[in-house]
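The values are calculated or read from the model by the stated rules, or taken from the named source; none is laboratory data. Computed from a prediction, not measured in an experiment: that's the story for all the values here. Here the Cβ positions follow ideal geometry from the backbone for every residue, glycine too, while neighbour counts run over all protein chains shown.
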Amino acid sequence: MAARLRELTTAAGPRWASALVALLLGTLLLAAGLVRADDAIRVLADSAVVNFGRSVDFDLEVEAEAGVEEVTLFYRLVGENVTVRVPLAVSDTVRPGQRNFEHTWGLEPGQLAVGARLEYRWRIVDKAGQVLETPFMPFSYDDDRFTWKTLQDGQIVLFYYGSNQAQAQRLMGYATQALVRLQDEVGITLDQPVRIYVYQSKSDMSLALYSRSEAFDANIVTLGVAVDRSTLLILGSHSDVEGTMAHELSHIVVGQATENPYGVLPRWLDEGLAMKAEGELPSGNQRALQDAIEADQLISVRSLSGYANDPAEVDLFYGEVYSLVDFMLENLGKEKMAALLAEFRAGQTQEQALQRTYGFGVDELDRQWRASLGLDLRPTPQPGATAVPRRSTSRDPVTCTSWLGALFGLAGLALWRGRARAA
């Protein structure tokens, strides 16, 4: 073998041999440099410890022969482009060269979604100018107060605790039935996996929920809430859990189907689809809808696009959005509804999406829907879009807001959609 190598070297000439030597020397020098960096700065230990609903505690133990000049912590949600940068204070210590650093990221209840995936890394600079950057290390924002068990069906993973397997299986059945209805009646399916966390009491779920106010939290029981695009919290012990499951899953499925950086769905469409996912329209909403039809006092489609401040219109709002979406599905077709959602996903405005899908806009939709209910054209022009309130009865969605984006230096509001009732 040695003879053969000599033959190849001779045949290739001295230029090939010189290149080989240079390559070997470069490799050795690079390796030596890496060894020197590793020797100069060493991470002895580091960790990220979740104190659920309260904080994440980051700790670093490092040894630097030349002494530590700078330490910076970086953390972010997995998959996010924005990273939080935290420079840590550096001061003299009793043990030269060895330093301990820590940072507490204070959290409010509900500030992060249960099970959120995060990652962190360190950048350490010593007094000789050597730099060590650790790779990103992942961790989960888990509610470790409970020992969670799981059920999985397709893209749905249901988490529960205690001896509630029969209940968990029943809830999984509600979830899969809701997804089937959304696919059969609307033509949309889940794009991404969904995690459903089932809590057994209001107190158990409190640290996982965004806190509105002391009075609100004391008097309102949240039945369910979609805390992000793939995570749903459910109060499993409540009698209205089936409707809650369907309603909130609809928000997640529709949210995934229409996610875009330019705008959000009009409220009548988002809430109307969620009400359809529940099944039959509740009697209170049906009565309010029928009374408004008989008195020719329906809220216009333009005015159903947001929320208002008149509690008297709450039941009517949800009755109307159910009726409007039902009309569109029955008379214009579920294929068109799926196409409409695709237009919203592309970032179209409400008027643009309707025109591109159906060939008419908001006012014509209002006219056709009214005609299907036996009503004539509105006698006077409607004012600009006004908002319509949230419900607060036992089958009511409630919207919660969380400045999740602010936690990571992001601008904007993360919208939580949920259902609640008076305690």
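Please go through the range 205-228 and give me each residue that is under 14 Å from V114 (Cβ atoms) and either over 14 Å from the mean Cα position of the chain (by Cα) or modelled with pLDDT under 85 (or both), ordered by number.
Selection gives M205, S206, L207, Y210, T222, G224.
When you go through D46, D39, D57 one by one, which is the residue that is modelled with pLDDT under 95 and surrounded by fewer than 18 Cβ atoms within 10 Å (Cβ to Cβ)?
Just one listed residue meets the conditions, D39.
From the set of residues in the range 341-359 that are surrounded by 19 or more Cβ atoms within 10 Å (Cβ to Cβ), touching a Leu at 6+ places or on another chain (Cβ under 7 Å) and not polar (S, T, N, Q), which is farthest from Q256 (Cα to Cα)?
Across the range 341-359, the extreme among qualifying residues is L354.
Mind telling me which of the residues V157, V131, V86 ends up being under 19 Å from P193 (Cα atoms) and modelled with pLDDT of 95 or more?
Result: V157 is the single residue among V157, V131, V86 that is under 19 Å from P193 (Cα atoms) and modelled with pLDDT of 95 or more.
I'd like to know if the range 316-323 contains one or more residues that are charged (D, E, K, R), crowded, with 17+ Cβ neighbours inside 10 Å and part of a helix (DSSP H, G or I).
yes
Sort out which residues of the range 117-132 are surrounded by fewer than 17 Cβ atoms within 10 Å (Cβ to Cβ) and charged (D, E, K, R), and write them in order of number.
R117, R121, R123, K127 - these are the residues of the range 117-132 that are surrounded by fewer than 17 Cβ atoms within 10 Å (Cβ to Cβ) and charged (D, E, K, R).
Report yes if T104 is in contact (Cβ under 8 Å) with a residue 60 or more places away in the chain and surrounded by fewer than 18 Cβ atoms within 10 Å (Cβ to Cβ), otherwise no.
For T104, the condition - in contact (Cβ under 8 Å) with a residue 60 or more places away in the chain and surrounded by fewer than 18 Cβ atoms within 10 Å (Cβ to Cβ) - is not met.
Does E294 satisfy being exposed (fewer than 15 other Cβ atoms within 10 Å of the Cβ), of a type outside the set (A, V, I, L, M, F, W, C) and in contact (Cβ under 8 Å) with a residue 40 or more places away in the chain?
no
Is one or more of the residues making up the range 133-146 more than 24 Å from the chain's Cα centre (by Cα) and surrounded by 15 or more Cβ atoms within 10 Å (Cβ to Cβ)?
yes
Of the residues V114, V68, V78, V82, which single one is crowded, with 17+ Cβ neighbours inside 10 Å, within 30 Å of T189 (Cα to Cα) and outside the structural domain of L207 (by TED's automatic domain parsing)?
One residue alone meets the criteria, V114.
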